[in-house]
Amino acid sequence: MSLQIPHREKANGASGATKAVILVGGSSRGTRFRPLSLDVPKPLFDVAGHPIIWHCLTAIAKVPTIHEVYLIGYYDESVFRDFIKDASSEFSNLSIKYLREYQALGTAGGLYHFRDAILKGRPEHIFVLNSDVCCSFPLNEMLKLSREKDAEAVILGTRVSEDAASNFGCIVSDSHTRRVLHYVEKPESHISNLINCGVYLFNTDAIFPSIRSAIKRRADRPSRLVSYPSTDNLESSFMVDDDDDESGKNEVIRLEQDILSDMADSKQFFVYETKDFWRQIKTAGSAIPANALYLQKAWQNGSNELAQPSANIIPPVYIHPSATVHPTAKLGPNVSIGPRVTVGAGARVKESIVLEDAEIKHDACVLYSIIGWNSRIGAWARVEGTPTPVTSHNTTIVKNGIKVQAITILGKECGVGDEVRVQNCICLPFKELKRDVANEVIM
């Protein structure tokens, strides 16, 4: 006689409490987001007029059962203090707290380290969101699927081209039941074009035992020689002692590499496939397609934050209330203008982000670019990147046999002289460009 396991929802109540965790990383990460991450942590970079993690919180606030959100990372506490203060007043139904890791613990290691805080109040589910993804975050739909299937885990998936798929975690699923049959992180050969979007919903009874098992597997491996890259340290090579290893390296446990493929072996792991937009925000240039997607979503939803369309405003365009834009300047589509920015007469800005206190002088042209804080673009200057296909997940292009960034990025306090043309360049902070440059990284 087989014992029937009681349906979890009936045991815990039909609408059990849910918590959310946003993984924000730390200062040693985000190097691909330079030069922008030199001045602001990537999760706080403004895309479509708001920090990247604000978009995550907007989606979380739409789930009625979520009242607590944890940001987990290893930035200093002071980094998120002002953001949390502002977000707590804007999202008054959410308690938002930052939990700081003492070192990088990996995407699953951080969850496990703070398990007591997360499990306080006995939530039934936890959402885990990577902060560096841009999508519509269909969290309520994932929760609905989880309840229908009595799932232990639900992963958000999307379809990409076969060429792009191997750059992401790939999911093989049963098309009828939506159950995940197989999961491989960045496979060497093609297995599926359904990829991991970096948004998860876990049953709390399932995720923490899974992480514990992964830590135990790591600890049970035989001691190994720790090697150093330099022969100077040869005598310092040593056999790892289990006690040291478990407290340090063993806690670097990643959801993608260490947990999800094992969860696919359990029968209660499902995928919710989104047909809506999705982009990863890894490189600095990828902020431009993310900005466009979030602005288009706000436009479709009738957001009153966006500028009203006119002869010189091609929607969607976000203009901060403190910015000054000359009525003859033409903006859009997909443009974000930050606080206290000045845009002069006859200027043209398209598919770009202009950060706070920047100045674009009269008749200048800015296309497919990010203009850094306090930067100045001279009169009749032209700063431009190259458009990439809407379906592309890559922000590099090949010019004259050399791979260059498609988006032009000026770091903080850069200056472009009058009538100077800057094309497909990345410019580090505090540089003055007095001559035409193309396809260069300006150090």
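Tabulated data for the structure shown
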| quantity | calculated |
| --- | --- |
| Backbone N under 16 Å from the ASP262 label point (7 Å along Cα→Cβ), restricted to the stretch 98-112 | 106-112 |
| Amide H within-cut-off set for VAL420, under 5 Å, with H built and near neighbours excluded | ALA381, ARG382 |
| Cβ-based net charge around PRO315, under 15 Å, with every Lys or Arg adding one and every Asp or Glu removing one | +1 |
| Average Cα contact separation per residue, the stretch 342-443, under 8 Å, 6 or more apart, as relative contact order % | 22 percent |
| Global geometry of the chain, whether rounded, prolate or oblate, following the gyration tensor of its Cα atoms and the 1.5 cut on a/c | prolate |
| Scattering curve values for the stretch 260-419, log₁₀ I(q)/I(0), Debye with Cα scatterers, q = 0.08 Å⁻¹ | -0.28 |
| Fraction of beta bridges assigned by DSSP in the chain that are antiparallel (%, nearest 5) | 35 percent |
| Length added when fully stretched, GLN300-ILE314, from 0.36 nm per residue minus Cα-Cα | 3.6 nm |
| Structure-based [θ]222 nm, the chain - -39500 (n - 2.57) summed over DSSP H runs of at least 4, per residue, nearest 500 | -6000 deg cm²/dmol |
| Mean Cβ neighbour count within 10 Å, used as a protection proxy, ranking 195-202, 178-185, 350-357 highest first | 195-202, 350-357, 178-185 |
| D (Stokes-Einstein, µm²/s), Kirkwood Cα radius, the stretch 287-359, 0.692 mPa s at 37 °C | 276 µm²/s |
| Estimated dipole of the stretch 382-443 in Debye, rounded to 20 [Cβ of Lys and Arg +1, of Asp and Glu -1, Cα centre] | 160 debye |
| The chain: relative contact order as a whole-number percent, Cα under 8 Å and 6+ apart | 12 percent |
| Accessible area of the chain divided out per residue, in Å², using a probe of 1.4 angstrom | 47 Å² |
| Only Lys, Arg (+1) and Asp, Glu (-1) charged, at Cβ; the chain dipole about Cα centre in debye | 940 debye |
| List SER27, SER95, ordered by accessible area with a 1.4 Å probe, largest first | SER27, SER95 |
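The values are calculated or read from the model by the stated rules, or taken from the named source; none is laboratory data. Since this is a predicted model, take the numbers as computed values, not measurements. FYI the Cβ positions are ideal-geometry reconstructions off the backbone, even for glycines, and counts take in every protein chain you see. Just the protein is used for accessible areas: all its heavy atoms, side chains included, with ligands, DNA and RNA removed. Shrake-Rupley method; radii C 1.70, N 1.55, O 1.52, S 1.80 Å.
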